[in-house]
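The values are calculated or read from the model by the stated rules, or taken from the named source; none is laboratory data. As the structure is a computational prediction, the values presented were derived from the model and not from experiment. Every residue, glycine among them, receives a Cβ derived from its backbone with ideal geometry; neighbour counts consider all protein chains shown. Ligands, DNA and RNA are stripped out before the accessible areas are found, and what is left, the full protein with its side chains, is counted by its heavy atoms. Shrake-Rupley method; radii C 1.70, N 1.55, O 1.52, S 1.80 Å.
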Number of protein chains: 4
Amino acid sequence: MAGNTLGKTFKLTTFGESHGAAIGGVIDGCPAGVSIDIAAIQGELDRRRPGQSKITTQRKESDIVELLSGIFEGKSTGAPIGFIIRNKDAKSADYDHLKHAYRPSHADNTYDIKYGIRDHRGGGRASARETACRVVGGAVARQVLNYIGIRVWAFVSSVGSEILTTNYTALNPADVESNMVRCPDAAVADKMIALIDQIRKDGDTVGGVVTCVAQNVPAGLGEPVFDRLEADLAKAMLSINATKGFEIGSGFGATEMRGSQHNDQSDDTGNHTSNHAGGVQGGVTNGQDIYFNVAFKPVATLMQNQSGVDDQGNAVSVKGKGRHDPCVVPRAVPIVEAMTLLTLVDHFLRNRTSKIG
Amino acid sequence: MAGNTLGKTFKLTTFGESHGAAIGGVIDGCPAGVSIDIAAIQGELDRRRPGQSKITTQRKESDIVELLSGIFEGKSTGAPIGFIIRNKDAKSADYDHLKHAYRPSHADNTYDIKYGIRDHRGGGRASARETACRVVGGAVARQVLNYIGIRVWAFVSSVGSEILTTNYTALNPADVESNMVRCPDAAVADKMIALIDQIRKDGDTVGGVVTCVAQNVPAGLGEPVFDRLEADLAKAMLSINATKGFEIGSGFGATEMRGSQHNDQSDDTGNHTSNHAGGVQGGVTNGQDIYFNVAFKPVATLMQNQSGVDDQGNAVSVKGKGRHDPCVVPRAVPIVEAMTLLTLVDHFLRNRTSKIG
Amino acid sequence: MAGNTLGKTFKLTTFGESHGAAIGGVIDGCPAGVSIDIAAIQGELDRRRPGQSKITTQRKESDIVELLSGIFEGKSTGAPIGFIIRNKDAKSADYDHLKHAYRPSHADNTYDIKYGIRDHRGGGRASARETACRVVGGAVARQVLNYIGIRVWAFVSSVGSEILTTNYTALNPADVESNMVRCPDAAVADKMIALIDQIRKDGDTVGGVVTCVAQNVPAGLGEPVFDRLEADLAKAMLSINATKGFEIGSGFGATEMRGSQHNDQSDDTGNHTSNHAGGVQGGVTNGQDIYFNVAFKPVATLMQNQSGVDDQGNAVSVKGKGRHDPCVVPRAVPIVEAMTLLTLVDHFLRNRTSKIG
Amino acid sequence: MAGNTLGKTFKLTTFGESHGAAIGGVIDGCPAGVSIDIAAIQGELDRRRPGQSKITTQRKESDIVELLSGIFEGKSTGAPIGFIIRNKDAKSADYDHLKHAYRPSHADNTYDIKYGIRDHRGGGRASARETACRVVGGAVARQVLNYIGIRVWAFVSSVGSEILTTNYTALNPADVESNMVRCPDAAVADKMIALIDQIRKDGDTVGGVVTCVAQNVPAGLGEPVFDRLEADLAKAMLSINATKGFEIGSGFGATEMRGSQHNDQSDDTGNHTSNHAGGVQGGVTNGQDIYFNVAFKPVATLMQNQSGVDDQGNAVSVKGKGRHDPCVVPRAVPIVEAMTLLTLVDHFLRNRTSKIG
């Protein structure tokens, strides 16, 4: 039983391979009557697009989304929204040497075992190119959530050992897009960019952390006991290529704290004096900010020789060709936002049946 | 749309509140023909049971599971397995003072907002008592996975600042149950126990980390692109009460690594020389060990005064009564195992449709 | 992938075999705040109970439902409602001769092939006893739908060749329970009862039709294109034991009509002048009455010799022992109502996300 | 919660409106390694295409399907198969008069109530044009089921009062396509064609029955207790536009039979001597032929004046413009087949988890 659908009420199903004819998807469950701004959807997609700067892959994809259904006279109709993005700049020949070789730390081998067949061109279905469809879904989700004022924004909080230590509350969301690494602190961003540039020159790659914040989320979202909001956020994040970890609120830091420090107590007016919870109690939002970190490993494709195996079990030396990112985290920012938006809109709609009244 | 079912093929649905008549559940999708060892199921439940030692809650529940269906002459029949566990030692009067008061960092307030009504006795549905049903489900899952030799074991790897630094490969699973804190290193365990005991005397609580390992998992499990194995593991873990984080393989440490360090290369015989991946590539198992960490916050109920609010928005002082754990991580070990087993068995069955042949 | 759950938002999962310890289920997704009348639930169950009259099976089951969770101070809490019904009057010895013999037109053989194991006692999971759990679910659904005034009632409209030809609009729902065959026309009911009684004496059985009506259903329920209301009703009905057909509104009669006869036109005030549609247009309710027929085959267990096979493929003669219904349709009335209520409440809740406003 | 996905393991999600840019869909869960014959898929689509004969609509759509993903070197890869069909011959101006008028017995009014907005052009999402996507899905399903030799074929068994009384076992599947009405008896076909032609000239429409047969289906398919095979077939059929009824095996005829007539007994060699069941016992296939009837109402769009209402509640006279079928049943044949194939392939895959061995 395959798993290409996310969500239970607002559902995104995606399809497509890196070097196939097109990638695309279907959004089923978008409520009717939502004003759909197609330019804004394209704008989100442009943020994820390859070839934007010296620190990202040089693949040139215009990534124009075509919305095929579900919208009439500028509004959603309640019918499913189908969309496609044509693949244009696929250079499949760059992958001919990988038809039988398994790259270290890629999905080549596991896909072959699972399916017995593999589209090796550009990573096929396992390519992060698929996430463009998530960005489209997230952009529609954002337009739904605009109706209740939810704001979701993410930024790069670390690249390798270059770490932004400022709390998100002291940062300005408007600064995220002011530099190519998407770190809203100019000084730290410069260091990150220098690091990535150096690593790129080394033919190497590096990991990092994306921090995401959701504000003005109404209390009451999340479905005990299994579909807690943080559980669905964790799933959404770990479904993104190259992610290795998720922590919400106090996260792993909570493990070293005492309850008397960690509990979010109230002041005289009933307001919380802290937010270690990260906006969720018992799996349900409490109206405070949601914030969480997502860990990304270094990109696995390197411009240097690596020891792998081929599909006959023989040792082979593998080196990346083609166009790859030395650090995926800047381009992951809109993807993390999209997955957050998709999770929130699904729970926003799910919560409509929690009470009879 | 509620969320009390986990899994898509091997499905566990749970019900029940801390102080209601019973808790229980239904396992739907257990394949027919599995030998069911009822004593082994009870044995897993006994590991989670309260009142086992001085470092756990003193609530005395015998927690006897009654299996009501789906088993005939010692084997599963393919029909759903219904089960109940009666609540015996519920002392609801301990919670009378909480009918209108919201405890800091509990689900009291969020449940009231979400549902407009709340069973305040013992935390109601939000109580970790519900996890007993997950342990029953996990115990059945383990008996299915025994058919293919999968072994899942977990242990406490930190309590507050007391941290076990030994890699799991150097530990002996048989040592986990040798002490009350479930840390398979006697010296570290002693320090953890001393810490918990001191914190209990302070009327305080403390967090910690559970590490879980799954071995002999066949390659090929996990469903791209959304239901990756690590995504479903992350969800399963973050659905457990009091969890704040999840990391698999290299986890957050990966963010500071270079690709040339992180990639799991192969030796001359085609075997991996490292396992930073934690057993998954592209969301699909590769046959190596799966290992991951789960972060638990300190228990929110303290035996000291805390500032909260009541359901009228007034500030109130709240102090725990009744019987509570100063540190939840030792009792979380069988729960983490159960959620891992449930996730693996679901993917084991899902993978049966990946190929035509 | 098993199938013991009905519904997507208001979900009923059932478990249990005819001669096991208990049957039961879980209702997940009942909105919070619904007043739950437990006596009314028991009352619905009493309507389905065996041993009520000379024309039904003489198995004596008190069928007392125990509600275990999800209700607090008389109201639903939004948490899952677990329930069990203990099996009391199971006479498993009546089935010893069937351990290896397959009864004609029963599920004995197909279950053995599907699962490789079979609880032969009383039909096991394939017994219509399981439908008691559906009646419990339907009774809760009715209490939810009471909030919007929906009324669902069913009656026996034929037994063998004894057919009630009066349109439902000329019948009085209050008359359904006035006789043991549940036909709201006393004269026709007498003929039906006489027929069943004769057939029972012959050691034979007979089929019939149950007609169901749902009134005051709001317009807008049903989810194109696959989860049309009539599609989900059809599924619900064909999931009941012994059903062979379903028709809504004009049904099979529509196939012989012209569009100019069949179309439901409007009068000067905009009201429909007919209801061939049966209350649904394009899969969505239009506010008119929903009415449909369900065909039941004759009960397969006969008190006479029949030619079957055993599990070795040998021909065997099989004759019913124990206690069986000569005609299932009177007891099917509350089951058809329950399945209708479950389908309607699911769609009532699903429709809450159709619009943004 | 919308409903544009069919199936649980082999899942088809469709999108698109009659006069939008394109219709299309995603098949998720097709096993890897299936040889995909694209010409055969197009061939099935051509059978459903409008404009084929004088008894069908004159809309000229080439209906070329473009498969976008999930296939590599002629085989399915296990990745989702996305596809689109561009709309070419949409004449939206034919529908301008319907922007505010509700046609009798159409979905115009119910969609407006449900969604508050409606794409009125060509019926929008409610148009039977959407079923082209089901035919694509069914064609892929057929190629999967070819691996186990299942054969599914359907035919027109009645148009109005012209009824084919011959049992399917005496008909030749190869004769179905020998005439434009898809009735495999030439004499009856001629009468049906004459009837449709006359009705078309009258500006009227007529209903009919499609009979479908599935042969060589392995025993064991179907998932008790809710997802019985016949329940899912019933749902699939009632989800097709214009259907009003479903009956399997003996169907409504069973209601007038005695058990001693109806039971499918066995002969000396253990073979069934009849097949009143229609190939299913207890919701599970028994290896005998599956056969069932589907009732279609007359098409609602008439070339004559009808009394309807507009969106202000005023009475209006409505008459069809554009191109419509006087009788939908011939074109429904490939759709009924497709829905049957989709249901069978889903259950074929679901059954892979029924046993541990």
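Just a few scattered comments:
- Residues losing 20 Å² or more accessible surface upon assembly, region C:41-88, compared with the chain by itself, 1.4 Å: C:Glu66, C:Leu68, C:Ser69, C:Phe72, C:Glu73, C:Thr77, C:Gly78, C:Ala79, C:Pro80, C:Ile84, C:Arg86
- For C:Asp197, inter-copy label distances in nm, listed shortest first [label point 7 Å out on the Cα-Cβ vector]: 5.9, 8.1, 10.0
- Cross-link pairs beyond the 30 Å C-alpha cut-off, checked among C:Lys11/C:Lys114; B:Lys11/D:Lys75; A:Lys75/C:Lys75; B:Lys11/B:Lys191; A:Lys114/D:Lys8: B:Lys11/D:Lys75; A:Lys75/C:Lys75; B:Lys11/B:Lys191
- Cβ-based net charge around B:Asn167, under 14 Å, with every Lys or Arg adding one and every Asp or Glu removing one: -2
- For region C:303-317, backbone phi angles converted through the Karplus equation (6.51, -1.76, 1.60; θ = phi - 60°) give residue-by-residue couplings of 8, 8, 6, 9, 8, x, 10, 9, 6, 9, x, 7, 5, 9, 9 Hz, Gly and Pro being listed as x.
- Summed buried accessible surface, chains A and B, 1.4 Å probe, nearest 100 Å²: 8200
- Rounded accessible area per residue of the protein assembly as shown, 1.4 Å, Å²: 29
- Principal-axis analysis of the Cα atoms of chain C puts helix C:186-201 at an angle of about 20° to the longest axis.
- Rotational relation C to A, axis-closest Cβ in chain C, residue and distance rounded to whole Å: C:Arg352, 2
- Occluded residues from region D:100-149, i.e. those whose accessible area drops by 50 Å² or more once the chain is not alone (1.4 Å probe): D:Ser105, D:Thr110, D:Ile113, D:Lys114, D:Tyr115, D:Ile117
- Net charge of neighbours whose Cβ lies under 10 Å from the Cβ of C:Asn4, counting Lys and Arg as +1 and Asp and Glu as -1: -2
- Selected from D:Val336, D:Val135, D:Val188 as most flexible by GNM, with chain D as the system and alpha-carbon contacts under 10 Å: D:Val188
- Axis angle, to the nearest 10 degrees, between helix D:131-145 and the longest C-alpha principal axis of chain D: 20 degrees.
- For D:Ser239, distant residues with modelled amide H under 5 Å away: none
- Euclidean distance of C-alpha centroids, region C:188-208 and region D:306-320, integer Å: 49
- Calculated label separations, D:Asp96, copies of the chain, 7 Å along the beta-carbon direction, nm: 5.7, 7.7, 8.4
- Local net charge near A:Ile248, Cβ-Cβ under 12 Å (Lys/Arg +1, Asp/Glu -1): -1
- Accessible surface of region C:1-132 [probe 1.4 Å, protein heavy atoms]: carbon and sulfur percent: 52
- For trypsin sites (Lys or Arg not before Pro), the sites in region D:39-95 that DSSP calls loop and that have at most 13 other Cβ atoms within 10 Å are D:Lys54, D:Lys60, D:Lys88, D:Lys91.
- Gaussian network model of chain B, springs between alpha carbon atoms under 10 Å - residue of B:Asn179, B:Asn167, B:Asn286 with greatest fluctuation: B:Asn167
- Residue-averaged 222 nm ellipticity for the protein assembly as shown, from DSSP H runs of 4+ at -39500 (n - 2.57), nearest 500: -7500 deg cm²/dmol
- With Cα atoms, 0 to 90° folded angle of helix A:229-238 axis to chain A main axis: 10
- Copy-to-copy label distances for C:Asn271, where each label lies 7 Å from Cα along Cα-to-Cβ, are 5.8, 6.1, 8.4 nm in order of increasing length.
- Panel note: contact residues of region D:249-269 (accessible area lowered by at least 40 Å² against the chain on its own; 1.4 Å probe) correspond to D:Phe252, D:Thr255, D:Glu256, D:Arg258, D:Gly259, D:Ser260, D:His262, D:Asn263, D:Gln265, D:Ser266.
- Here the accessible area of region B:253-318 is 38 percent carbon and sulfur, with a 1.4 angstrom probe and all protein chains present.
- DSSP finds beta bridges in the protein assembly as shown, and of those with both partners inside it, around 95 percent are antiparallel.
- Whole-Å distance, taken between Cα centres, linking region C:1-60 and region B:56-96: 20
- Among A:Ala338, A:Ala39, A:Ala139: highest mean-square fluctuation, GNM of chain A, C-alpha pairs under 10 Å: A:Ala39
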